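Q: Questions regarding the structure given below will be posed in turn.
What follows is calculated from the coordinates using simple rules that are stated; it is not laboratory data. In this text, all values refer to a predicted model and were calculated from it rather than measured experimentally. Glycine also receives a Cβ, built like all others from the backbone with ideal geometry; neighbour counts cover every protein chain displayed.
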Amino acid sequence: AKGYKAVTPEPARLAVTNFFSNLSDVGNFVNNVLQGKGVDATETMMRIAINSVLGIGGLIDVATAAGLNRHSQDFGLTLGTWGVPAGPYLVLPIYGPSSFRDSMGVAASIYLDPAHYLDPAWRNSLFGVNVINTRANLLGATDLLSQAALDKYAFVRDAYSQRRQYLLNQGENALPSYDEVDESDKASEAKPAAAGEAAPAKPAAGEANPAAPATPATPAAPAAP
């Protein structure tokens, strides 16, 4: 992947990424239909038509520039929408982090890929190029992972699980607002003391403190004769 990134110009790598993204939009369309997302499915179909014709087979992402955003879905998310639990965390060869439910989705997604129905020589070549190009695009994330994570396995597992749950919930479980947390902390610190526990008022500047009660003097001892 490093060699591919070193010898391939960035515009060419972007064109390869756009090409495979256009192919994967076919699976996105089917899964949006299966999840009952009519608007997203319609926009995805329009993306495929525009990018395939005006984008020279998907090499140029014309649809995004035209305001048609990508609605990424896969069969794993479709199964989750249908109520199938995620199951145990898995690491699949080549595909990487997954779960039992998503692994079934990977198998189904293979048949939704138009390249699957090409001649085996073309199909395998396209698969290899896609894997190398995807890996090259993730080199920066790998370097960041090496620097930031003490336990890489646990970090990737938790990040993957949280990301998939976020996509399944369609972003409804938002992170808490830390500004609100700070305001609540300040409010709790500013609460007045309870009744009967008020601290005595401090004297104003320049005002003398009230005098303490005088202590009676001790009588002197009688003189010796």
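Q: Using bins 10 angstrom wide from zero, how does P(r) for the stretch 1-135 break down, in % of all Cα pairs?
A: In whole percents, the pair-distance histogram is 12, 36, 38, 14, 1.
Q: Spin-label point model (7 Å from Cα, Cβ direction): what's the Val106 to Ile132 distance in nm?
A: Rounded to a tenth, the inter-label distance reads 2.1 nm.
Q: May I pose another question? Please give, to one decimal in nm, the separation of the simple spin-label points placed at Ala65 and Ser52, each 7 Å out from Cα toward the Cβ.
A: Distance between the two pseudo-spin positions: 2.1 nm.
Q: Chymotrypsin sites (Phe, Trp or Tyr not before Pro) within the stretch 17-90: which are DSSP loop residues with at most 16 other Cβ atoms inside 10 Å?
A: Of the chymotrypsin sites (Phe, Trp or Tyr not before Pro), the ones in loops of the stretch 17-90 whose Cβ has at most 16 other Cβ atoms within 10 Å are Trp82.
Q: Please list, ordered by chain and number, the residues whose modelled amide H lies under 5 Å from the amide H of Leu90; skip anything fewer than 5 residues away on the same chain.
A: Ser98, Ser99, Phe100
Q: Cα atoms only, the stretch 69-163: Rg and Dmax in Å?
A: Spelled out, the Cα radius of gyration and Dmax of the stretch 69-163 are 15.2, 44 Å.
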